[in-house]
1. Going through segment 184-288, which GluC sites (Glu not before Pro) have at most 10 other Cβ atoms within 10 Å and a DSSP loop state?
2. Which one, C415, L286, L308, is farthest towards the positive end of the dipole of the chain when Lys and Arg carry +1 and Asp and Glu -1 on their Cβ?
3. Obtain the radius of gyration and the Kirkwood radius of segment 105-190 from its C-alpha atoms and give Rg over Rh.
4. Using a simple charge model, +1 on the beta-carbon of Lys and Arg, -1 on the beta-carbon of Asp and Glu, nothing else, what dipole does segment 110-236 show about its Cα centre, in debye to the nearest 20?
5. In a shell of Cβ-Cβ distance under 14 Å around N311, excluding N311 itself, what net charge do Lys and Arg (+1) and Asp and Glu (-1) give?
6. Roll a 1.4 Å probe over the protein heavy atoms and report the accessible area of S235 in Å², nearest 10.
7. What's the local net charge at L43, with K and R +1, D and E -1, over the other residues with C-beta under 13 Å away?
8. Given a cut-off of under 8 Å on Cα pairs at least six residues apart, what relative contact order in percent is computed for segment 299-431?
Amino acid sequence: MAASKQTSAGPLVGAVVQGTNSTRFLVFNSKTAELVCTHQVELTQEYPKEGWVEQDPKEILKSVYECIAKACEKLAEVNIDISNIKAIGVSNQRETTVVWDKFTGDPLYNAVVWLDLRTQSTVETLTKKIPGNSNFVKSKTGLPLSTYFSAVKLRWMLDNLRPIQKAVEEGRAMFGTIDSWLIWCMTGGVNGGIHCTDVTNACRTMLFNIHSLEWDKDLCEFFEIPMSILPNVCSSSEIYGLMTSGALEGVPISGCLGDQSAALVGQMCFHEGQAKNTYGTGCFLLCNTGQKCVFSEHGLLTTLAYKLGKNKPVFYALEGSVAIAGAVIRWLRDNFEIITTSGEVENLAREVGTSYGCYFVPAFSGLYAPYWEPSARGIICGLTQFTNKCHIAFAALEAVCFQTREILDAMNRDCGIPLSHLQVDGGMTNNRILMQLQADILHIPVVKSVMPETTALGAAMAAGAAEGINVWSLEPEDLSAILMERYEPQIQATESEIRFSTWKRAVMKSMGWATAKDPENGDNPVFSCLPLGFFIVSSMTLLIGARCVSTAEE
């Protein structure tokens with residue numbers, strides 16, 4: 001890695017990006033927004049039962065320290081003094097839930113990942129507690145009652161895990177999303193670690209009032225969650241504490257944003273009506289709605305975009321969430337084994353240039369926006385004897401684009417002013433076939449940042465701009481221009497509409513697979529036919545790879 005004199009001259013800011021599949025640490029020049037170096041570590045996901053998704057919080061923490069250490073080594077190799085790193089920002093997978101012991105520092109259970117479905121019966125029980133047609137939860141949080149959010153995961157832990165129940169009873173338990181766990185550990189842990197979160201993460205727990213910007217007593221009583229275990233809520237840009245170990249000991253941690261809010265900041269969507277779509281494990285489209293809450297009538301979430309300082313105003317956003325985007329490519333690699341590296345999917349899709357009538361609905365964790373349908377499961381339909389792995393790869397990429405079209409249409413209806421183009425970021429945007437497909441299916445231009453690390457950039461911007469750091473200006477005239485690559489639609493709007501309407505027919509067929517509960521474990525749905533949580537429906541009436549079982553758990 002070569003570094004220019006300009007790069008080494010300016011103050012540097014680091015960004016931890018803790019995602020579902022990997023952890024990264026990136027270092028930016030605060031004057032030019034230039035990426036100086038990066039290091040990444042892939043993470044393990046555990047699937048103890050059908051629909052369950054967990055990660056080891058200690059592995060996540062270890063990966064953060066490893067990424068920081070390796071990035072610092074890379075800086076030393078090019079004669080950049082790590083003392084130039086003036087601040088660290090944290091960006092994280094949202095909703096993923098951790099409970100740990102404040103006296104030992106040990107997690108009391110694995111992290112329950114945002115994709116996890118075990119809480120469906122918990123959601124059903126809680127739904128019955130809401131009187132009549134009351135909009136009690138959504139009016140305070142902007143969120144539908146769903147397996148997606150942290151409160152129901154925490155409720156399940158309190159109902160089912162005796163070590164966590166005991167820790168709460170004894171005053172030892174601490175709850176947090178991944179940002180809280182990391183900041184507490186990195187600022188000292190059992191030796192004075194700071195137990196905090198920011199507004200963009202707090203608002204995804206379903207315990208936070210997005211109007212008062214506080215933990216809500218009524219919500220905590222509804223979910224029966226003690227407020228004593230919750231972290232202190234801060235802005236997204238302030239000094240939370242100092243690193244207490246590792247290569248960057250003594251450096252302030254001064255930025256914290258949920259990954260999608262970080263990408264919104266990194267894309268510099270600071271004005272009402274600006275929107276971005278991030279293609280990661282899932283797919284998340286956020287539109288800045290300014291300093292006012294806009295409640296969706298079309299299946300979107302109302303969420304906090306950012307609050308860049310203690311005394312700065314809070315900005316809100318409408319969000320469309322898709323559970324499975326990049327995860328479908330990983331599934332093709334790890335489960336279906338039609339590719340050996342994620343990058344190969346582009347070559348397979350390019351070989352055929354069409355799905356040949358094959359449609360893929362990757363509803364592995366049900367359907368999120370705009371349906372919020374947990375009973376859905378993945379299907380591939382429209383197969384013929386001509387269909388091969390190239391067509392399935394193409395259909396998988398199209399599925400990401402169709403899901404984005406669904407949430408963009410909903411956002412246009414809620415906002416009243418259709419987006420003229422879509423700004424995009426995330427690892428999948430390196431796939432040119434995907435980007436062209438997205439422009440074709442949306443029938444508007446897709447504009448990609450040449451520097452795709454906008455999530456990390458947003459976390460670094462928040463950290464560098466914090467009061468007491470002040471090495472990164474967020475004034476419009478000081479923000480570096482982002483070079484863009486533009487994809488224009490190349491098909492007729494009528495063709496786009498036909499393909500999209502056929503996709504929606506496939507979506508309807510994906511619903512209703514999870515229909516009942518296992519009598520021995522009420523949290524697991526029963527399936528009539530279970531091919532590892534995935535169904536393939538063919539025009540030849542062939543069900544491929546299915547195993548008939550009585551419950552989701554063998």
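The values are calculated or read from the model by the stated rules, or taken from the named source; none is laboratory data. Not measured: the values here are computed from a predicted model. Reconstructed Cβ throughout: ideal geometry from the backbone, glycine too, with neighbour counts over all protein chains shown. Just so you know, the surface numbers come from the protein's heavy atoms only, side chains and all, with ligands and any DNA or RNA stripped out. Shrake-Rupley method; radii C 1.70, N 1.55, O 1.52, S 1.80 Å.
1. Those satisfying the criteria are E249.
2. C415
3. Numbers: Rg = 14.8 Å, Rh = 14.5 Å.
Rg divided by Rh gives 1.01.
4. About 240 debye.
5. Numbers: positive: K307, K310, K312; negative: E238, E467.
Charge balance near N311 sits at +1.
6. The accessible area of S235 comes to roughly 10 Å².
7. After counting each charged neighbour, the total is -2.
8. For segment 299-431, the relative contact order is 25 percent.
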